[in-house]
Amino acid sequence: MLTLQEKLSATTTYLKNKGIGDVDIALILGSGLGELAEEVTDTVIVPYSEIPHFPVSTVVGHAGQLVYGTLSGKKVLAMQGRFHYYEGNPMDVVIYPVRVFAKMGVESLLVTNAAGGVNEAFHAGDLMLITDHINFIGENPLMGANDDEIGPRFPDMSEAYTKGYQDLAREVAKTLGVTLQEGVYLANSGPSYETPAEIRMARVLGASAVGMSTVPEVIAAAHAGMKVLGISCITNLAAGMQSELNHAEVVATTERVKEDFKRLVKAILEKM
Ligand code: HPA
């Protein structure tokens, strides 16, 4: 059986041979937000299914490919579609792409997602800067043997979301006139949405938004010493705050706000 480092080497060698060179920023594009990758120029596109040891995504609204190229003057490597725990993926699969980025020497990660608004001042369609997270998934992606080549056994999570990037995002949003809410993102495993009682609990715990992703990838990024910027698209108000929840609304909201989202992310990338 191959070791993790042997798998990572095979994956990164394959990507390098495909023409993926230096990367300034890796992007993980969440539900409905993958369209940003269509604006990348001088692209190398590699479907996940062709990449050795890379998992394959199954969720509607996720394209399932890596897009490398130039965006806002930066060399980016974008994941169009991510791997969720609720799909039945073990955690090491969920975070494998982040480990690939780290192995390639990528130092910055911009991660996005669709989330339910818990903060009563939020509206569907708001964008939210993630200032911190709460891992409520019930598992930590770093459980098991630690690979010291990647990072320490007990990684510090004091600044999982890089403060300098947060300042930059606030500043850029202000310049563009885009309202940027901010708060703590709480991740549940999904795939069921939360109950109203769980949302009241999340609010008491200090969460402003809830979702089913991002936290594993950010823990893996912090483990590898990467700098992280996180942005949520508040696609709906969370359970109990509106009459019902459904995936169609999540998709419709990302569709409605994607222009602002893309404008904001591109302007931030320019200055990262
Ligand atoms: N809960 C969890 N995940 C989500 C939600 C939600 O309300 N909206 C979009 N992703």
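The long axis of helix 163-176 is offset from the longest Cα principal axis of the chain by roughly 60 degrees. Stretching residue 175 away from residue 22 to a fully extended chain increases their span by 52.1 nm, per 0.36 nm per residue minus the current alpha-carbon distance. Note on residue 41 and residue 86: the extension gain reaches 12.9 nm, defined as 0.36 nm multiplied by sequence separation minus the Cα-Cα distance. Each residue was assigned an accessible area with a 1.4 Å probe, and for residue 241 the value is about 50 Å².
Label-to-label distance for residue 205 and residue 107 is 3.4 nm, based on points extended 7 Å past Cα in the beta-carbon direction.
Comparing mean-square fluctuations of 99, 153, 203 from a GNM of the chain with C-alpha springs under 10 Å, the top value falls on 153. Under 5 Å between amide hydrogens, built in the peptide plane, is the criterion, and for residue 194 it picks out 239 among residues at least 5 positions away or on other chains. In sequence order, the stretch 64-72 has phi-based couplings of x, 8, 9, 10, 10, x, 10, 9, 6 Hz under the Karplus curve 6.51 cos²θ - 1.76 cosθ + 1.60, θ = phi - 60°, and Gly or Pro positions carry x.
Using just its DSSP H runs of length 4 or more, each adding -39500 (n - 2.57), the chain gives a mean residue ellipticity at 222 nm of -9500 deg cm²/dmol after division by all residues. Using a cutoff of 8 angstrom between alpha carbon atoms and counting only pairs six or more residues apart, the relative contact order for the stretch 114-226 works out to 45 percent.
Karplus-based coupling profile of the stretch 75-89, in residue order and whole Hz: 7, 10, 10, 9, 8, 8, x, 10, 10, 9, 5, 5, 6, x, 6, with θ = phi - 60° in 6.51 cos²θ - 1.76 cosθ + 1.60 and x standing for Gly or Pro.
Rolling a 1.4 Å probe across the protein heavy atoms gives the stretch 1-131 an accessible surface of 38 Å² per residue.
Of 33, 127, 180, the residue with the greatest mean-square motion in the GNM of the chain, using alpha carbon springs below 10 Å, is 180. Accessible-area rank, largest first, for 74, 227: 227, 74, with all protein chains present and a 1.4 angstrom probe. Each peptide in 80-88, 107-115 gets a packing score, the mean of other Cβ atoms within 10 Å over its residues, and the list from highest to lowest is 107-115, 80-88.
Enumerate the amide H contacts of residue 186 below 5 Å, restricted to partners 5 or more residues apart or on another chain; note that Pro and chain-start residues carry no placed amide H. The list, which skips near neighbours in sequence, is 134, 208, 209, 210, 211.
Extension gain for the segment residue 149 to residue 259, taken as residue separation times 0.36 nm less the Cα-Cα distance, is 35.6 nm to one decimal. Expressed as a whole percent, the accessible area of the chain that falls on carbon and sulfur atoms is 51 (1.4 Å probe). Both numbers refer to the Cα atoms of the chain; Rg and Dmax are 17.4, 53 Å.
The values are calculated or read from the model by the stated rules, or taken from the named source; none is laboratory data. Just so it is clear, the model here is predicted, and its values are computed rather than measured. Please note: Cβ atoms are built from the backbone with ideal geometry, for glycine as well, and neighbour counts cover all protein chains shown. Please note that ligands, DNA and RNA were not included when accessible areas were found on the heavy atoms of the full protein model with its side chains. Shrake-Rupley method; radii C 1.70, N 1.55, O 1.52, S 1.80 Å.
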